[in-house]
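First the structure, in the form of structure tokens, and then the observations on it.
Each reported figure results from applying straightforward, stated rules to the coordinates on display, with no laboratory input. Since the model is a prediction, treat every value here as computed from it, not as a measurement. Positions of Cβ are backbone-derived with ideal geometry, glycine not excepted, and every protein chain shown enters the neighbour counts.
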Amino acid sequence: MLCFFCLRSEAGRLPHFLSHHRALGVRHFLGVDNGSTDGTEALLRSEPDVSLWQTRASYKAARFGMDWLTWLQMRHGHGHWCLTLDADELLVYPYWQTRPLPALTEWLDRQGRQSFGAMTLDMYPGGPVSDGNVGPQDDPISHLCWFDAGNYQVQVQPRMRNLWIQGGARARVFFAETPRKAPTLNKTPLVRWHWRYAYVNSTHSLLPARLNQVYDTEGGELTSGILLHTKFLPGITDRSAEEKLRGEHFGNASQYAAYYDRLISDPVLHTATSTRYTGWRQLEALGLMSRGGWI
Amino acid sequence: MTLGVVLMCHTALDRAAQVARHWAMHGCPVVIHLDRRVPEAEESALVTALADQPDIRFSRRTACEWGTFALVQATIDACEKMLAEFPQVGHVFLASGSCLPIRPVGALQEHLAQNPDTDFIESVTTADVGWTVGGLSTERFTLRFPFSWRRQRRLFDGYVALQRLLRFRRRIPEGLTPHLGSQWWCLTRRSLQAILTHPQRPRYDRYFKRVWIPDESYFQSLVRQVSTRIESRSLTLSKFDYMGRPHVFYDDHLHLLRQADAFVARKIWPQADLLYQTFLTPDGDRAPRPDPNPGKINRLFAKAVERRLKGRPGLFMQSRFPSRGRGGNRLAGPYGVMHGFAELFGDFQPWLARAVDARVHGRLFAEDRVHFAGDEPVFKGGLSDSAALRDYNPRSFLASLIWNTRGETQCFQFGPEDDQTILPFLTGDPNATIFVITGAFAVPLWRSGKSAADVRPWAARLQKIEADFLELLGKPDTKARVRIWSLAEFVENPAEPLQQLVDDLNPRAPHRDGDLPELVNLVGFGSFLQELRNQGMQPVLMGDFPSDDQLAQPEQAFSRPQIVR
């Protein structure tokens, strides 16, 4: 069980990110550090189960880091179940506290499945996003404990056979007038890797296209998980100002200027209709993820 | 007499050793069959680990490919060794290395002591068996299976198809009635001995060598020849998914397993420390067991199959996205679409909410924004009132709305002014009930006070849109329930259609006589329609609307005093 990630200046999130996935049964982490300035490098070097690569090259020119990770996956991932994550994502899935990842992947193997879908769920605090104080060891979900339960748009993208899911808090607050540009939430982060495979667009879709079919079209439900998205931790406003200047994001920069401006203005994402996170059984009951036939 | 355990092992040998030791420590001799394919190093580690136990022996090793006779051969070898080396054994229990005794060994011994002549083996004729997956039940016994199902699937399937085509049938040995059942059984020494020394055994073995998955039929069939008393159930709890693959038990199944009435469970996940720790506690030290509730286990697993195959209707999400014919056009619960009602009644929404005990929204698909009940800017589940977000994917919008409010009937107003993209979906949804008053769109135009000449183009446009809608409703593939009244029909006696509407949406709603919404005064509307005609438009959808003179005559008026408050 390997975990690949690419990051820049995530010292505030890393300790919990590593311990969460370590507890899930990740045996080794393979990370690419893209010019961190906040001690991320030292932090990663002190971990015995992390292999670190470093680059100062352009994130955007490397297909948002995917080129770097694809090479690592090709060399080291072949034959393993590989988890590919961002540092602000925490994977949860049915029974995750009692059944570590090897139990899940063994179940997937038995079902003849080589990939596992987990949608990104934007978690946000109860007040302005810059409020509060979350230490690197703290569970960010105790602060970011709210989410949108039922406002997701789902469509099929026939070319890659993947679902395209958008919506959630970011679409509601930042993209209400331009919903097409709202962030893509569907991901396929867990794959039994073959050196010939490659992620196409972040971990939203990959090749060959059959791996994107992580959903049932006959009415049934396949087992799926959720990536708890910890983007909206208190540092978000400063970070957005920095990202706006760097311009290393998807699409063209002007499109994102308004989005970053809204983030810098310290918005409140919480509304009276927000749902407080209580655990995976709640996410399952709400239909955001499914245990499928796994019991 | 005592109980002997035959353990078939191929993986997680440390766990197998733990379980073997547990059996042996409770006075049960154990014979372990280790798959030939297990490396020598692992074998010697296992042998060393169990060297201190004189009553744990190892039988001749065979490579056991799934679905082949090798598994039966291995079982026979181990059983022969058991019967020969442990004369005190009265019952032989067949288990695997990933089986775990979930009740005290003493309880099992006691159960067998009370039934000394009973063979516990599931044994059902092929006609009565319901669990074979993949269509091969009787054919297991009448076709040949020379190819490996795991490694040569295409040849396997092709050869089965060819034999079916040629109507090839093997002859079943005379006197043998094929029976199927769980491969995990517990037989008496007498029956097992009789099977192993049966005069016809060479013939039977030759036959079963070409039967598909003989470990589920060899002993199950032969025991019928020799046994005096069969209890056709397995003492081992094992659950299978819809494709016939065994379920695995994890730590979180502890409570469930404690309620099982079986004595042994399989398969146990090797890393399920809590299960091994709990159930391998020596008999004397165990916590008392809760009352058995095997029905609960069966229900839980049946539900898992349903979740996997049928899913939750009306849910569209990352791992369930049914195509149109498979529930892709069905939302989570019943809902009502009101077309042309809000135009005729000033207080229609509050009245409807009262009458049918439902959440009544305004125009969900209005052009300016989404008009949720109570004019909320964000509705349950985080649904935004932004028209752009809604129109980006109207189906997802409506599916989410109905899903988010499961258990509460939703109603919303709809009209030709609204975005019509959702319509093909609405009319195809069996959960939708669509109530239409045709031509009602003209009432607000008339009440706006503008002249017929000014509103004529707009009226014509709305009429065209509504006519298209009606055509769609009339198509044969419409799945929604549809009720249509023309405006003229409706105003003649509004109480009746309104009652029908209430009955359709909530059959159990209490009847509230006299509680009807207030119909707007329509005196003058007839002249307005005439004006539209004079301007060159043909208002047809309203029906044969009465002229103002007719409306004014009390005996023909629609507004009888008992109807309008």
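Size of chain A from its Cα atoms: along the principal axes, largest to smallest, the extents are 49, 42, 37 Å. Residue by residue along B:396-402, Cβ atoms of other protein chains within 10 Å of the local Cβ number 4 on average. Using Cβ point charges alone (K and R +1, D and E -1), the dipole size of the stretch B:336-556 about the Cα centre works out to roughly 660 debye.
Computed on the Cα atoms alone, the convex hull of the stretch B:54-130 gives a volume of 161 cubic angstrom per residue. Three principal axis extents of the stretch B:336-556 based on alpha-carbon atoms, in descending order, are 50, 40, 36 Å.
Taking each residue in A:107-116, count the Cβ atoms of any other chain within 10 Å of its Cβ, then average. What number comes out? Working shown, then result.
Details: counts 6, 0, 0, 6, 4, 2, 0, 0, 0, 1.
Taking the mean over all residues of the peptide, I get 2.
With contacts taken as Cα pairs under 8 Å and at least 6 residues apart, chain B reaches a relative contact order of 11 percent. Both radii are taken from the alpha-carbon atoms of chain B; with Rh as the Kirkwood radius, Rg/Rh is 1.22.
Mind jotting down the distance between the C-alpha centroids of the stretch A:13-53 and the stretch B:445-511, whole Å? Cα centroid of the stretch B:445-511 versus Cα centroid of the stretch A:13-53: 63 Å apart. Relative to the longest principal axis of the Cα atoms of chain B, the long axis of helix B:294-309 makes an angle of roughly 60 degrees. Exposed loop sites here are GluC sites (Glu not before Pro) in DSSP loop states with at most 12 other C-beta atoms within 10 Å. What is the longest stretch of chain B lacking them? The segment B:368-565 is the longest one with no such site. Stokes-Einstein diffusion for the stretch B:191-240, with the hydrodynamic radius set to the Kirkwood value over Cα pairs and evaluated at 10 °C in a medium of 1.306 mPa s, equals 131 µm²/s.
Give the lysines reachable from A:LYS231 as a straight Cα distance under 17 Å; neighbours fewer than 8 places away on the same chain don't count. By straight Cα distance, A:LYS231 reaches A:LYS187, A:LYS244. For the peptide B:270-277, the mean number of other protein chain Cβ atoms found within 10 angstrom of a residue's Cβ is 2. One-quarter of the Cα convex hull surface for the protein assembly as shown, in nm²? In nm², the orientation-averaged hull projection of the protein assembly as shown is 46.1. For A:TRP193, the amide hydrogen comes within under 5 Å of the amide hydrogens of A:GLY79, A:HIS80, A:TRP81, A:CYS82, counting only partners 5 or more places away or on other chains and with H modelled in the peptide plane. Please compute the contact order of the stretch A:86-285 in relative form: average sequence separation of alpha-carbon pairs under 8 Å and at least six residues apart, divided by the residue count, as a percent. This gives 34 percent for the stretch A:86-285. The aspartates and glutamates whose alpha-carbon is closer than 16 Å to the alpha-carbon of B:LYS475, local same-chain residues fewer than 8 away aside, are B:ASP429, B:GLU466. When both bridge partners sit in chain B, DSSP labels roughly 25% of those beta bridges antiparallel. Cross-link partners among aspartates and glutamates for B:LYS303, C-alpha distance below 13 Å, same-chain residues fewer than 8 apart left out? The qualifying aspartates and glutamates are A:GLU221, B:ASP241.
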